[in-house]
1. Kindly evaluate A:L186 against the criterion of being under 28 Å from the mean Cα position of the chain (by Cα) and not in a loop (DSSP other than H, G, I, E, B).
2. Show the residue pairs that are 6+ apart or on different chains and have beta-carbon atoms under 7 Å apart, the first residue being within segment A:132-143 and in the same structural domain as A:G159 (by TED's automatic domain parsing) and modelled with pLDDT of 95 or more, the second being assigned to a helix (DSSP H, G or I) and among the hydroxyl-bearing types (S, T, Y).
3. For segment A:201-315, list the helices (runs of 4 or more DSSP H) that sit wholly inside it and hold at least 1 residues that are modelled with pLDDT of 95 or more; which are they?
4. Might you check whether a residue that is facing another protein chain (nearest Cβ under 10 Å) and at pLDDT below 70 occurs anywhere in segment A:10-24?
5. In segment B:87-96, what count of residues is obtained for those that are surrounded by fewer than 19 Cβ atoms within 10 Å (Cβ to Cβ) and facing another protein chain (nearest Cβ under 7 Å)?
6. Filter segment A:42-82 down to the residues that are surrounded by 18 or more Cβ atoms within 10 Å (Cβ to Cβ), within 12 Å of chain B (Cβ to nearest Cβ) and in contact with a Lys or Arg (Cβ under 7 Å, 6 or more places away or on another chain), then identify the one that is modelled with the highest pLDDT.
7. Quick test of your reading of the structure: A:H386 fulfils all but one of (1) in contact (Cβ under 8 Å) with a residue 24 or more places away in the chain; (2) surrounded by fewer than 18 Cβ atoms within 10 Å (Cβ to Cβ). Name the failing condition by number.
8. It is to be established whether one or more residues within segment A:442-455 are touching a residue at least 60 places away in the same chain (Cβ under 8 Å), surrounded by fewer than 24 Cβ atoms within 10 Å (Cβ to Cβ) and under 20 Å from the mean Cα position of the chain (by Cα).
Amino acid sequence: MRTFHPVESYSSSQAGYRLLPFRFLRLDDGAEVFVNEVGEFVLAPKGTARTLIQKQLPRSSDLYATFKAKQFIADDSSSPLLDLLATKYRTKYSFMEGSTKLHIFVVTLRCDHSCHYCQVSRQTADKISYDMSLETAAQSVELMMKSPARHLTLEFQGGESLLAFDVIRYIVPLAKKKAEALHKELEIVVCTNLSNITDDILLYLRDENIMVSTSLDGPAFLHNANRPRPGNNSYELTIKNIDRARKTLGVGRVAALMTTTQLSLQHPKEIIDEYVRQGFHSIFLRPISPYGFAVKSKEKTGYQFDAFLDFYRTGLAHIIEINRKGYDLSEAYSKILLTKILTPYGTGHVNLQSPDGAGLSVLVYNFDGDVYATDESRMLAEMGDHTFRLGNVRTHTHRDIFTGEPFLNLLSSACNQSLAGCSDCAFQTYCGSDSVFNHTTQGDLYGHRPTSDFCRRNMEIIKHLFTLISARDPEIMRIFLAWIQNSGLREISKRAPS
Amino acid sequence: MISGAEGFQSESDSEFSATIRLDPRIYSREAILRTCYWHTSTAHIHVPESPDDKLVVHIKLKQRGPTLANPKPVSIEEFVGEFCNSLLDFELRRQVEAETAPVRQLVLAKAFSESGVLEDDPPGTVADPVETANPRGLVQIINAPDEGS
């Protein structure tokens, strides 16, 4: 007969233990958070770091078992599980496979809005100067298809992209045909303020299976203040046309993004309630970008950093309350971070990944054929700074772009694993590197962490999420689980009753 | 004012500046430099060569009075206290890095190597899945196979 050994035979001997790679940080309440190379974490009381690292953690303690099980330490009864750690590492960074997946086509700079935070748009009827030519479009598609990624996303942006609908109609069949020939999957998204949408365009988007991403900054007073247009009716047009688009394309095919301004900062609850009122189940509490006209009009959009954190924390608390009351609503930034914290997977969010997503995860094809590393890079270019212009579709091959000096410079600071201040940060696996942001706000690609808004913002937000996680509220954990599984709270609750 | 503890001595040069002397047997140069880096947002920090065997850090606070943006600037005493606390943490971090660097390199090499090249064989023997031949294996044989069960 076979039986298990008695439990004592599995306990560790009195010999010492070895440390495996991990990093730690203190939370504001004194608790300590430990994160290993693959993003697994342990929350422990104050003083644990010293005890653990000085090899004084009692073998009989629960913490010892936890640290051992999560591969923070190893002792003589640990199996040689480095391959398992390596596999977890590979899983965490699997978003790197295939390189550039998101390809943004700026089909026109023309727009009917005059948002003060917008970096690039032009109010003009001049199609020749500010629309992408068909020749540039074809060359851009050609370059995009050189990306090794099997799954590509083609995103149309502007200006107001639908003002160049003829260019979109030229690109879509061309891209589809080439993707099919190369056995690549292709998803197409059009970013539009919807103000010029017609039934014909909607039917076209439906037939071509194209998703719509629109802008909704909040209730009417806020949206119209942020997004001026002739008639001051942007909100009314947007709401009416979201409804039309949903009827034709389906509710799940229309998404909305908000831009945060100084005015928005005073109204987190009103913005969130507007998203609920309009039937959205996701909202992205985005910080304002420090680019383009947003920098020029600092009086209007410049705001204290702390005000954004208050906005985010108040907003997140309100969103959690809304979920508690039975309406499923996720917050996109938290969802990205929680996926990294609570699952074995990483996420390739361009502005929150290491290696930096600039070029590696996204390329932007401007109307004039210039290729930029990120959307923010072309906004910088509009301000006269062409640092991140990687090439031009007419003169540069895929190889030229990825071996050219601008991209290689970007790569030199792309990994937070090797940046001062990041290399020993506990949140390294969850955070990212943003060289374009560093360049814009601090004047060099490498950046200075102690004064970096990118660092401070992510540090504070991740700490806040850990504070929520450490509260061990089962309902909050179910809400977070629902977000990262793209599922409803009721389905999660059914699976794991408290 | 001079204050000190084991391996640590601090002297306020003025209301806004101080000199810290650290014992290199307790605090590594690397941990000190990393601590200095994180405090460069609030102070100008200088780490000069020292004639004695101590590691010396000169600190000058950047903000010398209240402003609208920061009405309560940190005092030199508070700064030195915070500096020393974070120095302890950075010394611990350095110890972890020093001890685990080879394992970390191995894990990364395994993670990004071609499949199979750097993989270890799984523990145990394929022909003996329950490790009957291994007395410390997962299960043990305590008597002859029971035909009836």
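The values are calculated or read from the model by the stated rules, or taken from the named source; none is laboratory data. Just so it is clear, the model here is predicted, and its values are computed rather than measured. Don't worry about glycine lacking a Cβ; one is built from the backbone with ideal geometry, like all the others, and counts go over all protein chains shown.
1. Spelling it out, A:L186 is indeed under 28 Å from the mean Cα position of the chain (by Cα) and not in a loop (DSSP other than H, G, I, E, B).
2. Qualifying pairs under 7 Å: A:L134/A:Y170; A:A137/A:Y170.
3. Those helices (runs of 4 or more DSSP H) span A:220-226, A:234-249, A:268-277.
4. Yes, segment A:10-24 has at least one match.
5. 2
6. The residue in question is A:I73.
7. (1)
8. Among the residues of segment A:442-455, at least one is touching a residue at least 60 places away in the same chain (Cβ under 8 Å), surrounded by fewer than 24 Cβ atoms within 10 Å (Cβ to Cβ) and under 20 Å from the mean Cα position of the chain (by Cα), which makes the answer yes.
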